[in-house]
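Read the structure below first, then the notes.
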Amino acid sequence: MGRRGPPKTPTTILAARGSWRAKVRSEEPRPECVRPVCPQWLTAEARKIWQLIVPLLAEMKLLGAIDRQALARYCTIYTMWRAAAEIIETLGPTAPAYDKDGNEIGYQDRPEVARMIRLGDQLTRLEGRYGMTPSDRANLAGSANQRSEEPQSAALHYLTVGRGAS
């Protein structure tokens, strides 16, 4: 059986919120805040995502070298999610359904719809862990939440609109 309850909030986030709990925690590992190196095995598209989000997360002082694999997974999953979204945007969310004799009997969801939903759930969990959603950022205060607007807006535009942007 796994651990119960929500995952613990990292001390860096507690400190950014001004919580007293950040001062009394001593058992949590505190890796040096550095930008992890982009893995060479990432696809070109995943590297673009890496180059957009890592500087933003570094400015929030939430990154360490240990985060490399989790961020690589995020970038990979994001590109897979975006590929499914592009198929749906091009072909639509449904496709004709046929009976065993080849007669059209209606419409069914494309497999990419379910794939996009599953990948989106994974992305939401990872985004929440890194403060990449508005509700998670709302809990941050002070300097950890002050970033340059231009890189953020460009990155968010790319992530929202997709590959053709920028």
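The values are calculated or read from the model by the stated rules, or taken from the named source; none is laboratory data. Small disclaimer: the values here were computed from a predicted structure and weren't measured. Cβ sites come from the backbone with ideal geometry, for glycine too, and all protein chains shown count toward neighbours.
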> When residues of the stretch 41-72 are filtered for being in a helix (DSSP H, G or I) and either surrounded by 15 or more Cβ atoms within 10 Å (Cβ to Cβ) or at pLDDT below 95 (or both), how many remain?
Replying inline: 22
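For residues in the stretch 31-40 being touching a residue at least 12 places away in the same chain (Cβ under 8 Å) and assigned to a loop (DSSP other than H, G, I, E, B), which is surrounded by the fewest Cβ atoms within 10 Å (Cβ to Cβ)?
The selected residue is Glu32.
Scan the stretch 72-122 residue by residue and report those that are touching a residue at least 24 places away in the same chain (Cβ under 8 Å), small (Gly, Ala, Ser) and farther than 19 Å from Met132 by Cβ.
Looking only at the stretch 72-122, we keep the residues that are touching a residue at least 24 places away in the same chain (Cβ under 8 Å), and these are 72-82, 84-88, 112-113, 115-116, 119-120, 122.
Imposing the further condition that a residue be small (Gly, Ala, Ser) reduces the set to 72, 84-85, 120.
Passing the criteria: only Ala84.
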>> Testing Gly92 on (1) surrounded by fewer than 16 Cβ atoms within 10 Å (Cβ to Cβ); (2) touching an Asp or Glu at 6+ places or on another chain (Cβ under 9 Å), one condition comes back false. Which one is that?
In response: (2)
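Tell me, please, whether a residue that is under 19 Å from the mean Cα position of the chain (by Cα), assigned to a helix (DSSP H, G or I) and modelled with pLDDT of 95 or more can be found in the stretch 90-108. Talk me through it step by step, then tell me what you get.
Of the stretch 90-108, the ones under 19 Å from the mean Cα position of the chain (by Cα) are none.
Looking through the stretch 90-108, none of the residues is under 19 Å from the mean Cα position of the chain (by Cα), assigned to a helix (DSSP H, G or I) and modelled with pLDDT of 95 or more.
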> In the stretch 113-150, which residues are modelled with pLDDT under 80, of a type in the set (S, T, N, Q) and within 18 Å of the chain's Cα centre (by Cα)?
Replying inline: Thr133, Ser135, Asn139, Asn145
